[in-house]
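Engineer: Following this message is one structure expressed as structure tokens.
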Amino acid sequence: MEIKINFFRYVALRILVLLGLCHVSFAAKKTYIVHMAKSEMPASFEDHTHWYDSSLKSVSESAEMLYTYTNVIHGFSTRLTAAEAQKIEKQPGILSVYEEVKYELHTTRTPSFLGLDQNAAVLPESDSVSEVIIGVLDTGVWPESKSFDDTGFGPIPSSWKGECETGTKFTASNCNKKLIGARYFTRGYEATLGPIDESKESRSARDEDGHGTHTASTAAGSVVPGANLFGYAVGTARGMATRARVAVYKVCWIGGCFSSDILAAVDKAIDDNVNVLSLSLGGSMSDYYRDSVAIGAFAAMEKGILVSCSAGNGGPSSYSLANVAPWITTVGAGTLDRDFPAYVSVGNGKNFSGVSLYRGNSLPAKMLPFVYAGNASNVTGGNLCMTGTLIPEMVSGKIVLCDRGVNPRVQKGSVVKAAGGAGMILTNTAANGEELVADAHLLPAIGMGQITGDAIKAYLLSDRNPTATIIFEGTKLGIEPSPVVAAFSSRGPNSITSEVLKPDMIAPGVNILAGWTGAVGPTALAEDDRRVEFNIISGTSMSCPHVSGLAGLLKAAHPDWSPAAIRSALMTTAYTAYKNGKMLQDVATGKPSTPFDHGAGHVDPISALNPGLVYDLTVEDYLNFLCALNYTTLQINALAKRNFSCDSRKTYSVNDLNYPSFAVSFPADMGSTIGSGSSTGSSVVKHTRTLTNVGSPGMYKVSVSTMNSSVKILVEPETLSFSRANEKKSYTVTFSATSMPSNTNVFGRIEWSNGKNVVGSPVAISWT
């Protein structure tokens, strides 16, 4: 017997050795994006793609190009080993080689809340809006959705150069005069994860996830009367720019969104002639010249395309932002004045409020036994109601209290239902505070804030025979205060460039009703066999397309405006206070939000149509900004596709970027000077800005407010007079600090007003 055991041990050891040898012999390949200096192409090559191929074959005979890029970068993507990547990077004409990054999605009432319904007369004419094309990079589209009905639409704009690509369950006939284009990008995904599993998702622009249909219809969905989710939020659904055209670019699949595919999609969108690009996705933070979204957005900006991106769902943690390049419009999330109330009644007679979108069989008309999931599980973390953690005998027929966190909220309900639970109470922990996000649960369930949840737990854990029930109350409008900053909305400061304040603004992103796929239910769980035309979901993924659509409206009203001018109009007219004068609130703290939370404030599209003045930016301004960051010529070339060298005789300052907001950093040790000012015993930072008149002639006077006397803000001159359209006037702001406050952050505001228009800029001051 011992001989047999030793023999098997020997065989197992030999297998392990052989596996090790195989690992050494066949190094793993990864996808790399190769930036080429197109101007350095040898004369022996007639076409740059031949040069690319020759460079690639010099390090790997078997490697093939996944994509070649012409707009976003000059270069290609391919599969290489780490050694091959290092080898090709050393070749002449190679600017940089970096590994592909996987990005993730950042997952009605809104037009009325934003004032679009009541102010239809001041919106641009439908004919001009119908010339605007909004491109959406996401999970594709469900073309049968009523949100893409083209009734009443005229011919497709002559500027459109794109296509409606055929694929699995998708033909050219799925496009129309509303949904004018659809493309899909798989090479980067398939090179890493293998062929698309067509039993789970279509190898085409068809959306079997729902996210892409939701974002596209939010940005520019057609008017659909009677839209609702299970009778909740009944009303007319419409996108922000209902007459704009939609072009979808499917870059996200079950396994994620890969940067080589994202770059290829932006490359095509530029060729297709879109006017706005909407990207509700994000990845790890990196320098701009290594960030595929930032690189693609720079190329789009050069072509006059505004790029709107979600800020991320990493809040309320500081430094949690994504997509922070200054040529990207970065959007955080706020709430609407609509809610879906429900409440819990417990055995001691007390009631506790929460939210829910449940619609189905009601609970029995009696109080039910009530149990804490953590006490009905035999595993650590059973309180989270993760798959397989609940003991059926302990939850059957009972209301189960689960803690929020780790797994999806709706999955917790599914776990409770599978274990025989009658209902679920889902309570927030400290990470989510009092934020309430409604879900279309598979069983009677309610979401509750942390304070309420703690009170219910106190009853549950102290009563010998706890009981509870859940009552659902439908839809309620007029919720105050609103908006409030969502707890999940990612926060500043900007971790890449602290002198650029992000997010730029917030827009509706909580409990948003929009179009949905017919392939999955509203929870997107495999066991959810319900099908809906509209769904209610939350995230900065939802706030981003609001701004994308509003940017389309502004582009229609002002076709000659640059992306920077459109963003400026949205930022400088955003509001930071309610009608009663109180400041916008942060649901995570219950206190006033700050510019690190809301940026310039909450969008006000009607005011943005006539901002009076704008802060404009050109490509040259951004190149000077890169010089101020001390980027090398190679790094600038990798980002901007040009041989641009910073002038050694010139002094570049990040503080001179003509941005509509101010982020100021003082040294924690004080007593030093920053910028061109000088001071004794204090720190001084100077910023310069230039305003362009896009309204009537007039004189603007400045006003300054700050919440702390430790910083003085001086604006020179104090008045700016404009006599004609497009006239430019500059001013300087000097920030002087004599001491560091205890909280190390001071916030303020600079406003220019002519008595009619107010051009506002947030100020965020930090000590680092």
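Engineer: For the range 447-470, what are the residues that are of a type in the set (Val, Ile, Thr), within 19 Å of residue 412 (Cα to Cα) and in a strand (DSSP E or B)?
Structural biologist: 469, 470
Engineer: Additional query: Take the range 271-301 and flag every residue that is over 17 Å from the mean Cα position of the chain (by Cα), over 16 Å from residue 638 (Cβ atoms) and open to solvent by 30 Å² or more (accessible area, probe 1.4 Å).
Structural biologist: 271, 273, 275
Engineer: Let me ask another. Mind listing whichever residues of the range 144-165 are buried (at least 24 other Cβ atoms within 10 Å of the Cβ) and within 23 Å of residue 200 (Cβ to Cβ)?
Structural biologist: 145
Engineer: Would a scan of the range 391-398 turn up a residue that is open to solvent by 30 Å² or more (accessible area, probe 1.4 Å) and assigned to a strand (DSSP E or B)?
Structural biologist: There is no residue in the range 391-398 that is open to solvent by 30 Å² or more (accessible area, probe 1.4 Å) and assigned to a strand (DSSP E or B).
Engineer: Oh, and also: Read through the list (1) open to solvent by less than 10 Å² (accessible area, probe 1.4 Å); (2) part of a loop (DSSP other than H, G, I, E, B), then give the number of the only condition that residue 764 fails.
Structural biologist: Just one mismatch for residue 764, condition (2).
Engineer: Same structure again: Give the range 559-616 a look and list any residue that's more than 21 Å from the chain's Cα centre (by Cα) and on the phi > 0 side of the Ramachandran plot, or say none.
Structural biologist: 581, 590, 612
Yes/no per residue for (1) more than 29 Å from residue 432 (Cβ to Cβ); (2) at pLDDT below 95:
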| position | (1), (2) |
| --- | --- |
| 291 | no, yes |
| 300 | yes, no |
| 306 | yes, no |
| 316 | no, yes |
| 326 | yes, no |
| 331 | no, no |
| 338 | no, yes |
| 349 | no, yes |
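Engineer: For the range 447-460, which positions are in contact with a strand residue (DSSP E or B) (Cβ under 7 Å, 6 or more places away or on another chain) and either of a type in the set (Val, Ile, Thr) or open to solvent by less than 30 Å² (accessible area, probe 1.4 Å) (or both)?
Structural biologist: Matches in the range 447-460: 447, 448, 452, 453, 456, 459, 460.
Engineer: Could you give every pair whose Cβ atoms fall below 7 Å, whose first residue belongs to the range 550-577 and is more than 22 Å from residue 762 (Cβ to Cβ), and whose second residue is small (Gly, Ala, Ser) and open to solvent by less than 10 Å² (accessible area, probe 1.4 Å), counting only separations of at least 6 or pairs across chains?
Structural biologist: 552/220; 552/241; 552/244; 553/241
Engineer: Residues that are touching a helix residue (DSSP H, G or I) at 6+ places or on another chain (Cβ under 7 Å) and either at pLDDT 95 or above or within 21 Å of residue 339 (Cβ to Cβ) (or both): does the range 465-476 have at least one?
Structural biologist: yes
Engineer: Output the residues belonging to the range 411-446 that are outside any loop (DSSP other than H, G, I, E, B), among the polar types (S, T, N, Q) and open to solvent by 10 Å² or more (accessible area, probe 1.4 Å). If you could, list the steps in order and put the result at the bottom.
Structural biologist: Filtering the range 411-446 down to residues outside any loop (DSSP other than H, G, I, E, B) leaves 411-418, 423-427, 445-446.
Okay, now just the ones that are also among the polar types (S, T, N, Q), so 411, 414, 427.
The answer is 411, 414.
Engineer: Does residue 510 fit the bill of being under 29 Å from residue 273 (Cα atoms), of a type in the set (Val, Ile, Thr) and under 17 Å from the mean Cα position of the chain (by Cα)?
Structural biologist: No, not satisfied.
Engineer: Looking at the range 172-192, can you tell me whether even one residue there is among the small types (Gly, Ala, Ser), open to solvent by less than 20 Å² (accessible area, probe 1.4 Å) and modelled with pLDDT under 95?
Structural biologist: For the range 172-192, residues among the small types (Gly, Ala, Ser), open to solvent by less than 20 Å² (accessible area, probe 1.4 Å) and modelled with pLDDT under 95: absent.
Yes/no per residue for (1) surrounded by 24 or more Cβ atoms within 10 Å (Cβ to Cβ); (2) of a type outside the set (S, T, N, Q); (3) at pLDDT 95 or above; (4) not in a loop (DSSP other than H, G, I, E, B):
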position: 497; (1), (2), (3), (4): no, no, yes, no
position: 507; (1), (2), (3), (4): yes, yes, yes, yes
position: 510; (1), (2), (3), (4): yes, yes, no, no
position: 525; (1), (2), (3), (4): no, yes, no, no
position: 529; (1), (2), (3), (4): no, yes, no, no
position: 532; (1), (2), (3), (4): no, yes, yes, no
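The values are calculated or read from the model by the stated rules, or taken from the named source; none is laboratory data. All of these numbers come straight from a predicted model, not from anything done at the bench. As a convention, Cβ positions derive from the backbone with ideal geometry for all residues, glycine included, and neighbour counts pool all protein chains shown. Ligands, DNA and RNA are excluded from the accessible area calculation, which covers all protein heavy atoms including side chains. Shrake-Rupley method; radii C 1.70, N 1.55, O 1.52, S 1.80 Å.
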